[in-house]
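Asks: I have a structure here, written as C-alpha coordinates, and I will follow up with some questions on it.
The values are calculated or read from the model by the stated rules, or taken from the named source; none is laboratory data. All of these numbers come straight from a predicted model, not from anything done at the bench. All Cβ positions, glycine included, derive from the backbone under ideal geometry; neighbour counts span all protein chains shown.
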Amino acid sequence: NAKEPLDPVRLNQLLCERVRKELKCQRLHTEYGVNPLQRGEAAHGRSQGHRELA
(Lines give C-alpha, C1' and ligand atoms only; values in the text may rest on other atoms or scores of the structure.)
Protein backbone atom coordinates (compact mmCIF):
# COMPACT_ATOMS: atom_id res chain seq x y z
CA ASN A 1 0.00 0.00 0.00
CA ALA A 2 2.45 2.67 -1.21
CA LYS A 3 1.35 6.29 -0.94
CA GLU A 4 1.41 8.45 -4.01
CA PRO A 5 3.63 11.56 -3.79
CA LEU A 6 1.63 14.69 -3.05
CA ASP A 7 1.41 17.41 -5.65
CA PRO A 8 2.63 20.96 -4.81
CA VAL A 9 -0.91 22.31 -4.40
CA ARG A 10 -1.79 19.70 -1.78
CA LEU A 11 1.54 20.23 0.00
CA ASN A 12 0.80 23.97 0.18
CA GLN A 13 -2.67 23.28 1.61
CA LEU A 14 -1.19 21.03 4.30
CA LEU A 15 1.45 23.63 5.15
CA CYS A 16 -1.14 26.43 5.40
CA GLU A 17 -3.34 24.28 7.63
CA ARG A 18 -0.40 23.44 9.89
CA VAL A 19 0.66 27.09 10.20
CA ARG A 20 -2.93 28.13 10.95
CA LYS A 21 -3.17 25.55 13.75
CA GLU A 22 0.17 26.62 15.24
CA LEU A 23 -0.74 30.32 15.18
CA LYS A 24 -4.09 29.58 16.79
CA CYS A 25 -2.36 27.94 19.74
CA GLN A 26 0.19 30.70 20.27
CA ARG A 27 -0.56 33.63 22.54
CA LEU A 28 1.35 36.87 22.35
CA HIS A 29 2.57 37.96 25.77
CA THR A 30 2.03 41.73 25.99
CA GLU A 31 1.54 42.33 29.71
CA TYR A 32 4.75 43.04 31.57
CA GLY A 33 5.22 43.60 35.25
CA VAL A 34 7.97 44.60 37.64
CA ASN A 35 9.87 41.79 39.29
CA PRO A 36 9.31 42.28 43.05
CA LEU A 37 12.56 40.43 43.84
CA GLN A 38 14.78 42.94 42.02
CA ARG A 39 16.46 45.77 43.86
CA GLY A 40 15.15 49.34 43.59
CA GLU A 41 17.18 50.93 40.79
CA ALA A 42 17.18 47.81 38.61
CA ALA A 43 13.39 47.73 38.69
CA HIS A 44 13.22 51.19 37.11
CA GLY A 45 15.31 50.22 34.11
CA ARG A 46 18.39 52.22 35.04
CA SER A 47 21.70 50.52 34.39
CA GLN A 48 24.01 52.69 36.49
CA GLY A 49 25.21 49.88 38.75
CA HIS A 50 25.19 49.74 42.52
CA ARG A 51 26.13 53.12 43.95
CA GLU A 52 26.11 51.92 47.56
CA LEU A 53 28.90 49.42 46.80
CA ALA A 54 31.19 51.91 45.00
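Asks: Can you tell me how many residues within the range 1-16 are modelled with pLDDT under 95 and polar (S, T, N, Q)?
Replies: The number of residues fulfilling the criteria is 1.
Asks: Still on this structure, please answer the following. Consider the range 17-54. How many of its residues are aliphatic (A, V, I, L, M), at pLDDT 80 or above and surrounded by fewer than 10 Cβ atoms within 10 Å (Cβ to Cβ)?
Replies: So the answer is 2.
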